[in-house]
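Written below as structure tokens is the structure these notes are about.
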Amino acid sequence: MECIACEVLRLAPPVQGAFRDVLTDFMYEGFYIPKGWKIYWSTHSTHKNSEYFLEPYKFDPSRFDGRGPVPYTFVPFEGGPKMCPGKEYARLEILVFMHNLVKRFKWGKLIPDENIVVNPMPVSKKSLPIQLFPY
Ligand code: HEM
């Protein structure tokens, strides 16, 4: 179940990225980035990089089996000193929700091909109406 949650967070990260102040001059991929610039790191493009994730647009929870992706390539909660302090709480909440939904209910989407819109968080276009049937 955890692999499924991670794969959803990879494909549709709730936080798209964030801005950072550049503290020292540095080179990146041949580009000179001067101190004082504001830069943006993108969760989405990191998660869809085929160098780190084979067939990046394919839903494949098994990529999180075993050792999983290399450090700093799966970053829905970011990484380093600014990493989300609510990460473990969010993880628990997501897994408890999924557990109860799957174990206690048979359920189905009312709009099978509903799209996701990003504004700025990814949400279902029509709020994902579902029908629940308790077991
Ligand atoms: C799926 C759920 C969540 C995701 C994907 C997420 C993601 C993130 C990310 C990417 C950042 C870094 C933003 C940045 O660098 O500017 C962040 C920061 C933060 N998150 Fe979360 N978060 C989640 C849930 C939570 C929860 C449940 C809490 C609190 C209970 C929380 C509290 C915070 C706080 C306080 C910060 C700011 C930390 C700082 O500025 O040093 N988050 N989160």
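Rule-based calculations on the coordinates, nothing more; no lab input. What you see is a predicted model, and the numbers here were worked out from it, not measured in a lab. Note that each Cβ is placed from the backbone with ideal geometry, even for glycine, and that neighbours are counted across all protein chains shown.
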>> For G17, what residues show an amide H to amide H distance below 5 Å, using hydrogens built from the backbone and excluding near sequence neighbours?
In response: T43
>> Among L92, L101, L23, which one shows the highest mean-square fluctuation when the chain is modelled as a Gaussian network with alpha-carbon springs under 10 Å?
In response: L23
> Dipole of segment 2-105 (Lys/Arg Cβ +1, Asp/Glu Cβ -1, origin at the Cα centre): which of T46, A12, V70 lies farthest to the positive side?
Replying inline: A12
> Count the lysine pairs in the chain that are 8 or more places apart or on different chains: how many have C-alpha atoms under 25 angstrom apart?
Replying inline: 16
> If packing is taken as the mean number of other Cβ atoms within 10 Å per residue, what is the order of 73-83, 24-34, 3-13, highest first?
Replying inline: 3-13, 73-83, 24-34
